[in-house]
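The values are calculated or read from the model by the stated rules, or taken from the named source; none is laboratory data. All values derive from a computational prediction rather than experimental measurement. As a convention, Cβ positions derive from the backbone with ideal geometry for all residues, glycine included, and neighbour counts pool all protein chains shown. Ligands, DNA and RNA are stripped out before the accessible areas are found, and what is left, the full protein with its side chains, is counted by its heavy atoms. Shrake-Rupley method; radii C 1.70, N 1.55, O 1.52, S 1.80 Å.
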Amino acid sequence: MAFPQDRLRRLRACEGLRRMVRETRLSPDNLIAPFFVCEGRDVRHPIASMPGQSRFSVDHLIKGAGEVQALGIPSILLFGIPAMKDETGSSAWAPDGIVQRAVRSIKDRLPDLVVITDICIDEYTTHGHCGVVKDGRVLNDETIECLQKMALSHARAGADMVAPSDMMDGRVRALRATLDGDRFAHIPILAYAAKFASCFYAPFREAADSSPKFGDRQSYQMDPANRREALREIELDIEEGADVVMVKPALPCLDIIRDARETFSRPLAAYQVSGEYSMIKAAAQHGWLDERRAMLETLVSIRRAGADLILTYFAKEAALALQR
Ligand code: PBG
């Protein structure tokens, strides 16, 4: 059957009909809200390159996390801004480090909120790379040892899930073994599996003060031109024991998200990264885009591509918009 009998516009005539045939749903259940936590008390330091986002001290973090939970968002992701950085990022696994203290406070006050911690040393190293550096090179296996100590200390502090974002080879297997060996076999791993070397992380690096002081991240993060390799990265992380796999960034990688959805049965996450967020905010501030619609359209598109979960700085605003 074709035109004139068939008319697709019949089911677009009013909002009721459109709701009835809508194929993709966006719910607060799908969202994970990232937070930056820093030292001090009563600190709410706005991040210039990410309008609406701030670095919070633990007291404000608890408030922010509570608001997010009240809106029906089940989970947050924590990034730490430590007071002290060194060559190997040792404050990343300090028992009383910033993330460890933040996790303990949140789990104490909001026990049902799922707290995920980012596992990567770039915010903690003086050089800003995601690994141990020697002679100008980022070392793989030495870095894994740091990640193991970091993940274990987060688990001991009460983290519900750990999310390695470093892109070292073999780190998921190593983290699984470490957690299992220390009574944390129940803690899932969310692996940043296909993480591309993207310019869209730039605002985050201002937020986290983690820009590499020399070189770039192309020797560990993926070349954005590579589709087959992305599937190989995801496959390996699943073999190594990842419970949830992630594609990052999101909008430039909708094809990879779709490929991953069709190839693997694991829950799939996508990270709408800082640059994707700031791009929409900046255009909206100029009056060039409707912020609310741009936010919801991009989030629905990421869901339509196949992501179950979306990490997004819009989490709270999106959950609010979905209430109306
Ligand atoms: C590394 C990490 C980064 C992001 C998440 N984890 C930065 C990077 O790889 O340079 C980027 C997130 C974003 O841009 O929102 N710890």
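Any chance region 21-31 includes a residue that's surrounded by 17 or more Cβ atoms within 10 Å (Cβ to Cβ), at pLDDT 95 or above and in contact with a Ser or Thr (Cβ under 7 Å, 6 or more places away or on another chain)?
So in region 21-31, the residues surrounded by 17 or more Cβ atoms within 10 Å (Cβ to Cβ) come out as 26, 28, 30-31.
Next, only the ones that are at pLDDT 95 or above stay: 26, 28, 30-31.
Going one step further and asking which of them are in contact with a Ser or Thr (Cβ under 7 Å, 6 or more places away or on another chain), we end up with 31.
Looking through region 21-31, at least one residue is surrounded by 17 or more Cβ atoms within 10 Å (Cβ to Cβ), at pLDDT 95 or above and in contact with a Ser or Thr (Cβ under 7 Å, 6 or more places away or on another chain).
Could you tell me whether region 245-259 includes any residue that is in contact with a Gly (Cβ under 7 Å, 6 or more places away or on another chain) and away from the ligand (no atom under 11 Å from the Cβ)?
So far as region 245-259 goes, yes, one or more of its residues are in contact with a Gly (Cβ under 7 Å, 6 or more places away or on another chain) and away from the ligand (no atom under 11 Å from the Cβ).
Quick one: Leu299 ticks every box in (1) under 20 Å from Gly72 (Cα atoms); (2) of a type outside the set (Gly, Ala, Ser); (3) open to solvent by 10 Å² or more (accessible area, probe 1.4 Å) bar one, so which box is it?
For Leu299, the exception is condition (3).
Which residues, counting only those in region 220-231, are more than 8 Å from the ligand (Cβ to nearest atom) and either modelled with pLDDT under 95 or open to solvent by less than 60 Å² (accessible area, probe 1.4 Å) (or both)?
First, the residues of region 220-231 that are more than 8 Å from the ligand (Cβ to nearest atom): 220, 222-231.
Tyr220, Met222, Asn226, Ala230, Leu231 - these are the residues of region 220-231 that are more than 8 Å from the ligand (Cβ to nearest atom) and either modelled with pLDDT under 95 or open to solvent by less than 60 Å² (accessible area, probe 1.4 Å) (or both).
Which condition number in (1) closer than 18 Å to Pro164 by Cβ; (2) open to solvent by 20 Å² or more (accessible area, probe 1.4 Å) is the one that Pro249 fails?
Result: Pro249 passes all but (2).
Among the residues that make up region 199-218, is at least one of them open to solvent by less than 10 Å² (accessible area, probe 1.4 Å), within 10 Å of the ligand (Cβ to nearest atom) and in a strand (DSSP E or B)?
No, every residue in region 199-218 fails to be open to solvent by less than 10 Å² (accessible area, probe 1.4 Å), within 10 Å of the ligand (Cβ to nearest atom) and in a strand (DSSP E or B).
Out of curiosity, is Ala174 assigned to a strand (DSSP E or B) and more than 14 Å from Ile116 (Cα to Cα)?
Details: assigned to a strand (DSSP E or B): no; more than 14 Å from Ile116 (Cα to Cα): yes.
In short, no.
For region 291-318, how many residues are of a type in the set (Lys, Arg) and either under 21 Å from Thr263 (Cβ atoms) or within 16 Å of the ligand (Cβ to nearest atom) (or both)?
Selection size over region 291-318: 3.
Rundown of residues vs (1) closer than 19 Å to Ala242 by Cβ; (2) surrounded by fewer than 16 Cβ atoms within 10 Å (Cβ to Cβ); (3) not β-branched (Val, Ile, Thr), yes/no style:
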position: Glu262; (1), (2), (3): yes, yes, yes
position: Arg293; (1), (2), (3): no, yes, yes
position: Ala305; (1), (2), (3): no, no, yes
position: Asp308; (1), (2), (3): yes, yes, yes
position: Ala318; (1), (2), (3): no, no, yes
position: Arg324; (1), (2), (3): no, yes, yes
